[in-house]
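Asker: Provided herewith is a single structure, encoded as structure tokens, for subsequent inquiry.
The values are calculated or read from the model by the stated rules, or taken from the named source; none is laboratory data. Given the structure is predicted, the values throughout are model-derived calculations rather than measurements. Here the Cβ is made from the backbone with ideal geometry for all residues, glycine too, and neighbour counts use every protein chain on show. Accessible surface areas use protein heavy atoms only, side chains included; no ligands, DNA or RNA. Shrake-Rupley method; radii C 1.70, N 1.55, O 1.52, S 1.80 Å.
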Amino acid sequence: VPAYTNLVTMVGRSYITFDNLQFTGANGNCFDMSSSTNHITIQNCDIDFTGVNAINTTSSESSITISACTINHSNNNAVYTSAATTTITGCTISNSGQIAGLGGSTSEDYIGVFSIGNTSTITYNTIKNSGYNAVEFRGTTSGDASVVNYNYIDTFCNRKDDGAGIYTWNDAASPP
């Protein structure tokens with residue numbers, strides 16, 4: 001039984017790399033980053049059984065890189081990031097948002113990869129069994145330069161509907 005809400009909490013930290021680590025069980029998020037956390041790299045890590053999101057950012061981080069990680073059994077999203085520059089590559093993400101009622105209740109929940117940022121690069125990932133969208137990305141300003149390609153996606157929208165394997169939209173209130 002997990003004893004901690006978040007396994008790694010970072011506030012105002014920069015230039016940190018997590019490499020070749022295994023994380024199992026969190027009541028909340030495995031990684032919870034906020035308030036000017038910049039240039040964080042998570043690579044070659046295994047993250048399994050998170051109560052909310054495996055990797056969660058909630059503020060204006062400048063750069064997050066997630067590469068060659070295996071993320072499995074997140075009750076909500078595998079990755080939720082709002083960093084200005086997000087790179088997610090070579091990851092295997094499975095079973096995100098698979099238990100109805102354990103994830104959140106908004107349109108930003110039950111997703112494999114959710115990225116809000118001006119420059120998102122989401123490539124060469126395998127994403128299987130997402131309760132809603134497998135990948136959702138949105139820009140925040142005009143001139144956004146996001147790239148989503150070469151991903152293998154298998155099974156999505158098996159808990160919520162009106163989504164897609166790769167999903168984006170133009171916010172009418174403040175279009176990018």
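Asker: Given Cα pairs under 8 Å that are at least 6 residues apart, what percent is the relative contact order of the chain?
Answerer: On the way: 570 pairs, mean separation 25.6, N = 176.
With pairs under 8 Å counted, the relative contact order is 15 percent.
Asker: Turning to a different aspect of this structure: Nearest 20 debye, what's the magnitude of the dipole of the chain about its Cα centre given +1 on Lys and Arg Cβ and -1 on Asp and Glu Cβ? Don't jump to the answer; show the numbers that get you there.
Answerer: Working: 5 positive and 13 negative charges, 21 e Å.
So the dipole magnitude of the chain works out to roughly 100 debye.
Asker: Moving to a separate point now. Given a 1.4 Å probe, how much area per residue of the range 1-77 is accessible, in Å²?
Answerer: 45 Å²
Asker: Give, as a single signed number, the net charge of other residues whose beta carbon lies under 12 Å from the beta carbon of CYS30, with Lys and Arg counted +1 and Asp and Glu -1.
Answerer: Every neighbour counted, the sum reads -3.
Asker: With point charges of +1 on the Cβ of Lys and Arg and -1 on the Cβ of Asp and Glu, referenced to the Cα centre of the chain, which listed residue (TYR4, ILE111, ASN149) lies farthest in the positive direction of the dipole?
Answerer: Toward the positive end, the furthest listed residue is TYR4.
Asker: Less than 13 Å Cβ to Cβ from LYS160, Lys/Arg counted +1 and Asp/Glu -1: what total charge do the surrounding residues give? Walk me through the intermediate numbers first.
Answerer: Values: positive: ARG159; negative: GLU108, ASP109, GLU136, ASP161, ASP162.
Net of charged neighbours comes to -4.
Asker: Something else about it: How many percent of the alpha carbon pairs in the chain exceed a separation of 27 Å?
Answerer: Values: 2489 of 15400 pairs.
Value for the chain: 16 percent of Cα pairs lie more than 27 Å apart.
Asker: For a quick check: with amide H placed at 1.01 Å from N, whose amide H comes under 5 Å from THR92's, ignoring anything fewer than 5 positions away on the same chain?
Answerer: Correct list: CYS69, THR70, ILE71, THR126.
Asker: While we're here: Calculate one ³J(HN,Hα) per residue across the range 26-35 by plugging θ = phi - 60° into the Karplus curve 6.51 cos²θ - 1.76 cosθ + 1.60, and present them in order as whole Hz with x for glycine and proline.
Answerer: With coefficients 6.51, -1.76 and 1.60, one gets 8, 5, x, 9, 5, 10, 10, 10, 7, 6 Hz.
Asker: Provide the packing ranking of 68-80, 123-135, 104-116, 31-43, i.e. peptides ordered by the mean count of other C-beta atoms within 10 Å per residue, highest first.
Answerer: Highest-to-lowest ranking by the protection proxy: 68-80, 123-135, 104-116, 31-43.
Asker: Can you give the percent of C-alpha pairs in the range 53-152 whose distance is more than 21 Å?
Answerer: Every Cα pair in the range 53-152 considered, those over 21 Å come to 24 percent.
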